[in-house]
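Each remark here refers to the structure printed beneath this line.
The values are calculated or read from the model by the stated rules, or taken from the named source; none is laboratory data. As the structure is a computational prediction, the values presented were derived from the model and not from experiment. Note that we place each Cβ from the backbone using ideal geometry, even for glycine, and neighbour counts take in every protein chain shown. Please note that ligands, DNA and RNA were not included when accessible areas were found on the heavy atoms of the full protein model with its side chains. Shrake-Rupley method; radii C 1.70, N 1.55, O 1.52, S 1.80 Å.
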Amino acid sequence: MILEYLQPDASLLDGITVIIRALYYITTIGAVGLGIFAIGFGHRLEAHETARLHRTLLGAIGAGIALSILALILRVLVLTAGANISDPDVWAAVMRSRIGDAFWLRAGGLVLLAAVVMPWRIRSAMAAIGALLVIASYAAMGHSMLFAPRQEIAALVVLHLAVVAFWVGSLPPLLWVAGRSNSGSAASLIQDWSRAAIWSVMIMLITGVLLSWYLTLRLDRIFDAWHGWALAWKVMAVLAALGLALWNRLRHTPALARGEAGAGDRLAASIKLEMAFVALAFYVAAEMVSVHPVDYGHRITS
Ligand code: HEM
């Protein structure tokens, strides 16, 4: 939205597309993260926390599918210059395009992900396949389809979003666990999660830096395009969220383990702030992929 209006011939529909993209990033990648948390740590949750996780996950899946359909409608409106929302030829063209491919991958994945709330023995396997399909849908569109080397960028986007999903999708259940009356069991779950999260954050940073390098090529000219500025704003939001996560790991969680008064509330307040910065990172990511890095001949033309 912001970058759209910083460029000539701004289009309101294209601006709204960025906001819808940010919302389906948060709901679909958030749903994947909630699913991964349910598979990895669901057995450590109390009954009311499990019920809340299942409700939140199903809500995120429903919202993710609805927002993805809205994004398709917006695409048709953009292609018909806002004139015709029901043109069958335009719809057929959109559904045959990589945007249509990404939609079916994402919607199918979200439906499979819902299996994690069912009492089936194969629920984790079904949900894991669903999670992979949702993440892979982002490699089916976006810059990984426009810039060379395609396979490397696509693989990096998938790995990047898988570990981002684990970190950000775990924040809501960690928030609920921080509020437990039994602070000892809360602290031990959060410390075990944090040990796994360290690896995912490292992979997120490495894949983020590699994606920046592959897409930008000349880092000395990174601010020649709005893409470079968006990347910088995004990294700042991520570093703020990481700073809070580190503070939680070094200060708030040990205080919770010691049973200090108010430690759970302080941790919960910090996790809420961390979630706000992560939401900001998602919004800036949506702005970032709406513009292109400077083209040094690495754009795929065929
Ligand atoms: C909370 C942390 C993060 C979130 C939520 C996040 C989110 C995203 C999303 C949603 C995309 C996919 C865009 C798409 O293809 O549709 C993406 C791609 C990308 N991310 Fe991240 N990311 C995070 C951390 C980072 C970090 C730390 C870096 C840099 C060091 C980074 C650099 C990139 C780059 C360069 C791309 C490719 C963008 C493009 O295709 O133009 N990300 N990120």
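Please report the spacing between the Cα centers of the stretch 52-71 and the stretch 227-285 in Å, no decimals.
24 Å
For a bin width of 10 Å, list the pair-distance distribution of the stretch 129-222 built from all Cα-Cα distances, rounded to whole %.
15, 36, 27, 15, 6, 0
In the stretch 53-132, which chymotrypsin sites (Phe, Trp or Tyr not before Pro) are in a loop and have at most 14 other Cβ atoms within 10 Å, using DSSP for the loop call?
Trp120
What FRET efficiency comes out for Tyr5 versus Arg249 if R0 is 30 angstrom and r is the Cβ-Cβ distance? Round to the nearest 0.05. The partial results should precede the final answer.
Working: r = 39 Å, r/R0 = 1.31.
Approximately 0.15, to the nearest 0.05.
For the stretch 180-302, list log₁₀ I(q)/I(0) at each q in 0.12 Å⁻¹, using the Debye formula over Cα point scatterers of equal strength and ignoring solvent, two decimals each.
Taking Cα atoms of the stretch 180-302 as identical point scatterers yields -0.57.
Determine, from the Cβ-Cβ distance of Ala148 and Ile20 and an R0 of 22 Å, the FRET efficiency 1/(1 + (r/R0)^6), rounded to the nearest 0.05. The partial results should precede the final answer.
Numbers: r = 28 Å, r/R0 = 1.29.
That gives a FRET efficiency of 0.20.
Identify the trypsin sites (Lys or Arg not before Pro) of the stretch 161-236 meeting these criteria: DSSP loop state and at most 12 other C-beta atoms within 10 Å of the C-beta.
Qualifying residues, ordered by number: Arg218.
Which angle from 0 to 90°, rounded to the nearest 10, does the C-alpha axis of helix 263-288 make with the longest principal axis of the chain?
The angle comes out near 10 degrees.
Once you have the alpha carbon radius of gyration of the stretch 241-302, what is it after dividing by 2.2 N^0.38 Å, with N set to its residue count?
Numbers: Rg = 19.2 Å, N = 62, 2.2 N^0.38 = 10.6 Å.
Dividing the Cα Rg of the stretch 241-302 by 2.2 N^0.38 Å gives 1.82.
Enter the angle in degrees (range 0 to 90, nearest 10) between the Cα long axis of helix 226-247 and the first principal axis of the Cα atoms of the chain, meaning the one along which they spread out most.
The angle comes out at about 0 degrees.
Rounded to the nearest 500 deg cm²/dmol, what is the calculated helix-only ellipticity per residue at 222 nm for the chain, with -39500 (n - 2.57) per DSSP H run of length n ≥ 4?
It lands at -25500 deg cm²/dmol.
Between Ala232 and Arg195, what length comes free when the chain is fully extended (0.36 nm per residue of separation minus the Cα-Cα distance, one decimal in nm)?
Between Ala232 and Arg195, full extension yields 10.6 nm more.
In the stretch 277-302, whose amide N lies under 18 Å from the spot 7 Å out along Cα-to-Cβ of Leu13? List them in ranges.
Of the residues in the stretch 277-302, 290-291 have backbone N under 18 Å from the label point off Leu13.
For the full complex of protein chains and a 1.4 angstrom probe, list Tyr24, Tyr214 by accessible area with the highest value first.
Descending accessible area places them as Tyr214, Tyr24.
Rounding to the nearest 10 and keeping the result within 0 to 90°, find how far the Cα-based axis of helix 150-178 lies from the longest principal axis of the chain.
Tilt of helix 150-178: around 40 degrees.
Simple spin-label model, 7 Å along Cα-to-Cβ: Ala93 to Arg299 in nm?
With each label placed 7 Å out from Cα toward Cβ, I get 1.9 nm.
Between Ala155 and Ala269, how high is the FRET efficiency from 1/(1 + (r/R0)^6) when r is the Cβ-Cβ distance and R₀ = 35 Å? Nearest 0.05. Intermediate values should be presented prior to the final figure.
Working: r = 37 Å, r/R0 = 1.07.
My answer for the efficiency is 0.40.
Normalised by the number of residues in the stretch 105-183, what is the relative contact order in percent for Cα pairs under 8 Å and 6+ residues apart?
That works out to 23 percent.
At 7 Å along Cα-to-Cβ for each site, give me the label-to-label distance between Glu260 and Trp104 in nm.
5.5 nm
What's the whole-number percent of alpha carbon pairs in the chain lying beyond 25 angstrom?
51 percent
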